[in-house]
Amino acid sequence: MMLLEVDTFSLSFRRYEGLLRQKRIFALHDISFSLRHGQILALVGASGAGKSLLAHALFGILPPNASTTGTLRFEGETLDETTLRTIRGRRIGLVPQSISHLDPLVRCGHQLAWAAKRAGTRLDRAAITERLARFALPAEVARAFPHQLSGGMARRLLLAMATVGHPALVVADEPTSGLDAENASMVMAQLRGLADQGHGVLLITHDLTQAAPYSDSVAVLDGGRLVAIEQSLRFRGTGETLNSAYARALWRALPQNAFYASDDCHA
């Protein structure tokens, strides 16, 4: 059984033009892909491509003017409002895009304990220390406030909170945003470790260079459309083994590939 299935999923928003006229604006168009246990699927696209909107849809946190068609399934069960109430934070965990999701007035250990409680479990002081250590965070972090953490430490704390209930699916939305190469690699290695333990990871990122070495597959979004799904190992050299002309052009245009451009970008 697939862990996550996205089947011809579209997302649009109603907006008013003038006083009474409504216009529907599509953000995602007929997106389809699947994710297995033990796999990292990287959803790659530029800012505004619709990546984070898909994450919000998976957690049922879209704004009131949003409409969707198609189907989202988790372990074979359709993700509707009733299902989400029982699995959100327990069977599926979200690593949010911004570290501002951490409460600035609450010590980090308390926030980790609250996340555990929401996931249906409890952490005593020793368990909090152990949990922090699993994500390369020293015991002193439990007594710290979020503003006292480095960017990398804050990101790892969000990851520890999102996975405290051992969810089957982890959705990581730009988990390395603003991090230097060393801290970004540490976060990516921890996501890879979760997948190797049997979790499924949906990695949402704009950074193909960072995503490819740690993921199993890469899905490329452009303008709200899924334009390619490729095995990550194909992103190497000049990309000659990539099946999609768009993915090949995207890979070749990266700085380490000498910004090589071709007409494939418009294929």
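Coordinate-derived values only; no laboratory data. Every value quoted in this text rests on a predicted model; they were computed, and no experiment measured them. Reconstructed Cβ throughout: ideal geometry from the backbone, glycine too, with neighbour counts over all protein chains shown.
Key figures
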{"quantity": "14 Å beta-carbon shell around residue 125, net charge (K/R +1, D/E -1)", "calculated": "+1"}
{"quantity": "Matching label, Rg/Rh (Cα atoms, Kirkwood Rh) computed from the structure shown, candidates (1) 0.99; (2) 1.07; (3) 0.96", "calculated": "(1)"}
{"quantity": "Inter-label distance, nm, simple model (7 Å from Cα along the C-beta direction), residue 207/residue 106", "calculated": "2.8 nm"}
{"quantity": "Least to most buried among 101, 199 (fewest other Cβ within 10 Å first)", "calculated": "101, 199"}
{"quantity": "Pairwise centroid distance, computed over Cα atoms, of segment 44-81 with segment 174-216, Å", "calculated": "21 Å"}
{"quantity": "Segment 113-223: C-alpha pair distances exceeding 24 Å, %", "calculated": "25 percent"}
{"quantity": "Net charge, residue 135 excluded, C-beta distance under 13 Å - Lys, Arg +1, Asp, Glu -1", "calculated": "+3"}
{"quantity": "Average Cα contact separation per residue, the chain, under 8 Å, 6 or more apart, as relative contact order %", "calculated": "24 percent"}
